[in-house]
Each structure stands twice: as C-alpha cells, then as structure tokens.
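The values are calculated or read from the model by the stated rules, or taken from the named source; none is laboratory data. All values derive from a computational prediction rather than experimental measurement. Here the Cβ is made from the backbone with ideal geometry for all residues, glycine too, and neighbour counts use every protein chain on show. Each accessible area value is taken on the protein alone, full model and side chains, heavy atoms only, with ligands, DNA and RNA left out. Shrake-Rupley method; radii C 1.70, N 1.55, O 1.52, S 1.80 Å.
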Amino acid sequence: MSCPVPQSNCHWDGMDLILLVRVQPRASREQIMGVQEGAIKVALTAPPVDGAANEALRRMLAKAIGVAASRVQVIQGERSRNKLVRILRPDRKSAEGFLRQIDLSTV
C-alpha cells in the first residue's frame, strides 16, 4: 500500500510505519483532517504546553490505527507543529485502512 502523502513523508521502516504529521493545537474539536501540504493534518483540542498536544496526538493515532498509545512515538518535532511519528509494529491491514481513509478525506 502506498501512502497518500509523498513517500519520503509516509513509509514503512521494516515493521514500523513512519508518518509526517502537521498538528493544529487548541482546535475546537479533535479530528484527522486529511493530507495537506504533504503531511497528515491533525486538529487537537489540547494546548501545545507541557507535551499535552503530543500526548493527545499519540492517543488519537493509536486509536485510529488500533495500537496502544505506547507504540506511537514522536521521533522528531516535539516542540513543532510538524512532527515525524513512528508507529511501532502496527497491524499492516489496519494501518493501510487508516491510510486509505486519509486519502479519501484529503484536504
């Protein structure tokens, strides 16, 4: 399954899925908004204070892909809206279903 964003921004690294995500903190509601400017855009109600937005992002992606939040890691951009996220060993079918949904809801 190819990713809906450019390959350098969404790819498999062995059994792990790597995603480029752009976060919009302090949104009115939490939602995955689709793909925008080469990244998966995610709106979060949490503020970007004390890691709250990162934790909300981890929980949201974990739920969407069907893994424990502990298997979602922000590996780059902890203090930035642009983040590189690693999903550790997700079920490939669930992850690909998630990617297809994003592709269909592209901004």
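Observations on the model:
- Of all residues making up the range 45-59, the number that are at positive phi and crowded, with 17+ Cβ neighbours inside 10 Å: 0
- Sole exception among (1) open to solvent by 20 Å² or more (accessible area, probe 1.4 Å); (2) closer than 16 Å to residue 103 by Cα; (3) at pLDDT 95 or above; (4) not charged (D, E, K, R) for residue 1, by number: (3)
- Total residues in the range 54-107, condition among the basic types (Lys, Arg), part of a strand (DSSP E or B) and farther than 18 Å from residue 24 by Cα: 1
- Scan of the range 60-79 for residues that are among the charged types (D, E, K, R) and either open to solvent by less than 70 Å² (accessible area, probe 1.4 Å) or touching a strand residue (DSSP E or B) at 6+ places or on another chain (Cβ under 8 Å) (or both), ordered by number: 71
- The set of residues in the range 11-23 that are open to solvent by less than 60 Å² (accessible area, probe 1.4 Å) and more than 14 Å from residue 90 (Cα to Cα) comprises 20, 21, 23.
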